[in-house]
Structures are given as C-alpha cells and as structure tokens.
Ligand code: IPM
Ligand code: MN
C-alpha cells in the first residue's frame, strides 16, 4: 500500500527528529512492503520566515489531501514578540481547527527500563504507569469568543469557555472506546462545582457512559485531579477532559513519567485522519547539537500506523524496536544515567530502524 503523509518539520529540533521518524517509517515500508510518500509543508516559525504567515493555505490544502500529518515542533524565541494570532503556535491551533482534529490522545507511560527516571517515589509508580489523556482539542476556551471590553475595573480582556453537548459527546465516546481496549476505566475531569460548561460536561459524559456498561466512570474536579496524578497516578487509566484542562494535565502526566522526550501524541478527526507529533516542544536550546531525542516522534509515527493506517503489526514493530533499543542499553542524552554513553539523534534513528 501507498500512504501520503504531509510532513511539517517545523522549528528548533523539529527537522532533526522528523528525519529520524521518516527513517524508521521507511524501514517499516521496506520490511512490510509499503510506500510512504512525504510532502514537506511549512508551518510555524519556518513558515513565517519563508512566507510571512504561520500557516499558509497551501499547507492546509496539502494536509487535507493527505492520509495523515506528521509534525515535529513549532515555535522559538525568534518569534516570541509577534502578536498572538501571528505566533508560530497559532499554526497548531489553525491546523487542529481546519483539519477537525477534536480528539487529542496523549499517552503517558513509563518504560520498564526507565522506571527510575520518574520524579515520584518508587512505591507510587511501582508496577508501571500507563495513562492516556484524551483531551478535547477544537473547542472550549481556546476557540471561544474572545476580545476586549470596558469594565468597572477598567479595560479588560476575556476568553469564553463554551462546550456543546455534541462536542462533549464525541470526545467522551473516543475516551470510552479507548478504555474498552485498555483497563476499562474512565476518569472525567472538570470543574463542575463552579462552571456551567463543566456541569453540562459531567451530565453528557454520564449519558455516554450508559452505552458502555463495562467501563467504570468516575468524575474529579480538576484541582483534585492534578493532585491525584502525583499522589496516586495508578488510579488513572483513561482521562477525558476539556481543551485547557487537558493541556495542563497532559504536561503533568508526561512529567511523572520522567521522560517527556519519549512521549508521542495523536490528534484525530472523525474517520481515521490524524496529525501525529511528539509531546515535547521545539527545544531551541539544543537544536543542531545532535542531542535531541527522536523517540517521541518515532513513537508518534507508530501511532499513525496504528490509528490512521490501521497497520497493527507495523505499529507494534515500531513500539518493539524502541523497546529493543532501550533493552539493549542504548540511551539518548535526556535519559542517559550512570555511565551510559548517549547516542546522537541520527544514531538513535539508525539503531531503531535497524531493530525494525
Ligand atoms: C500543546 C501546546 C499547545 C496547546 C500550544 C503550543 C498552542 O501547549 O500542544 O499542548 O496549548 O495546545
Ligand atoms: Mn501544552
């Protein structure tokens, strides 16, 4: 089979980690008889430099005409002083909205080999950690009405948090379907003791839960959820939450694994279309040094094989190649401990590709 992938290398370490992910995809193609065809498109700071706009129309058109999108990272200090809607990050929001990517899956798992990387005490993460944050990605306060107005306290700015029943229902379904394939537990996180939108969220999630009698649902307020993530992370299997709470909690969840350089993500639309990117950012401080860890991007490419292309065996091959890399004692700069000699970005890609 032939698959068309729109690739955004992006900024900072983006281009370096993308090159290793395509290297591994090509190894998968060779072993299993597929062709992956890459169309490189611009978004973020690189697009601003080249075209004056963070998300050129051409990028959106090519992404829409592709089977999936693979993205490195966008942003950097060079573009930090631009106004809000011209910043590189705006390209990400634009891609999410334009491509209808409403479901963001952010797994936070601890690889056995890296158990001591977690900042939590061993007894708290004993037996491993395997959480998926299902974050709503095209609604809520990120996309609600925003603006400026006069108030009694003087000039003010506002952003509106708003969710429709349908937006909640579709993201809840994604979470319950995911739970059915995992530990059959969903924790919905909201602020229903204060927010009207959260009360609708909680009610709607409960309605969806009725269609999944095998899945246990519990609800948490976001302040408590943030605490429970470090107090008793094993409580969680699938977390479903709003755009902004998911942004915050997925960073927290990733950090308790101790290796954000290892974590992939998928942003899915209706049907199988998706955009895949590492959870980490563009890390401009190490760009060009060969120190970037490409494993999160490689694992993101694996998620693409699994969720958009439906290639289970091929996806397992990618996950297993990363596991073999770690088992053999290889490390990248961010996860090297003791006297392990870290491999560069390109050496890491070569090794993982060889394990395919
Ligand atoms: C993320 C990022 C983005 C977000 C920013 C860069 C717009 O933090 O993907 O989590 O807030 O969604
Ligand atoms: Mn974030």
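Each reported figure results from applying straightforward, stated rules to the coordinates on display, with no laboratory input. Just so it is clear, the structure is predicted and the values come from calculations on it, not from any experiment. Every residue, glycine among them, receives a Cβ derived from its backbone with ideal geometry; neighbour counts consider all protein chains shown.
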According to a simple spin-label model (label point 7 Å from Cα along Cα-to-Cβ), what is the distance in nm between residue 199 and residue 319? 4.1
Where a ≥ b ≥ c are root eigenvalues of the Cα gyration tensor, a/c under 1.5 meaning rounded, otherwise prolate if a/b exceeds b/c and oblate otherwise, region 173-227 counts as oblate
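Any idea what the relative contact order of region 35-137 is, in percent, if you count C-alpha pairs under 8 Å spaced at least 6 apart? Display every interim value, and only then the final one.
On the way: 109 pairs, mean separation 24.8, N = 103.
Here the relative contact order equals 24 percent.
Stokes-Einstein at 10 °C, 1.306 mPa s, Kirkwood radius from Cα pairs: D for region 86-180 in µm² s⁻¹? It would help to have the intermediate numbers written out before the result.
Working: Rh = 16.7 Å.
Answer from the Stokes-Einstein relation: 95 µm²/s.
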D (Stokes-Einstein, µm²/s), Kirkwood Cα radius, the chain, 1.002 mPa s at 20 °C: 102
For the chain: relative contact order, % (alpha-carbon pairs under 8 angstrom, 6 or more apart): 23
Förster radius 51 Å - calculated FRET efficiency between residue 216 and residue 152, Cβ distance, rounded to 0.05: 0.65
Beta bridges per DSSP with both ends in the chain, % antiparallel, nearest 5: 45
What list of whole percents do you get for P(r) of region 119-256, with Cα-Cα distances grouped in 5 Å bins up to the one holding the largest distance? 2, 10, 19, 21, 18, 12, 8, 5, 3, 2, 0
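Taking only C-alpha pairs under 8 Å that are 6+ residues apart, what is the relative contact order of region 111-233 in percent?
On the way: 125 pairs, mean separation 27.3, N = 123.
Relative contact order, region 111-233: 22 percent.
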May I have the pair-distance distribution P(r) for region 278-323, computed from all Cα-Cα distances with 5 Å bins from 0 and rounded to whole percent? 6, 21, 24, 19, 13, 10, 7, 0
Rounded to the nearest 0.05, FRET efficiency between residue 270 and residue 30 (Cβ-Cβ, R0 35 Å) equals 0.65
Ranked 171, 256, criterion: other C-beta atoms within 10 Å, fewest first: 256, 171
How many nm is it between the label spots at residue 123 and residue 252, if each spot is 7 Å from the Cα in line with the beta carbon? 2.3
Inter-probe distance in nm under a simple model that places probes 7 Å from Cα toward Cβ, at residue 235 and residue 115: 2.3
To one decimal place, what orientation-averaged projected area in nm² is obtained for the convex hull of the Cα set of region 208-263? 4.6
From fewest to most C-beta neighbours within 10 Å, the residues 20, 37, 277 line up as 37, 20, 277
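For region 144-186, what is the convex hull volume of the alpha-carbon atoms per residue, in Å³? Don't skip to the end; give the middle numbers.
Details: hull volume 4.4 nm³, N = 43.
Normalising the Cα hull of region 144-186 by residue number yields 101 Å³.
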Which order results if 59, 187, 204 are arranged by neighbouring Cβ count within 10 Å, fewest first? 204, 187, 59
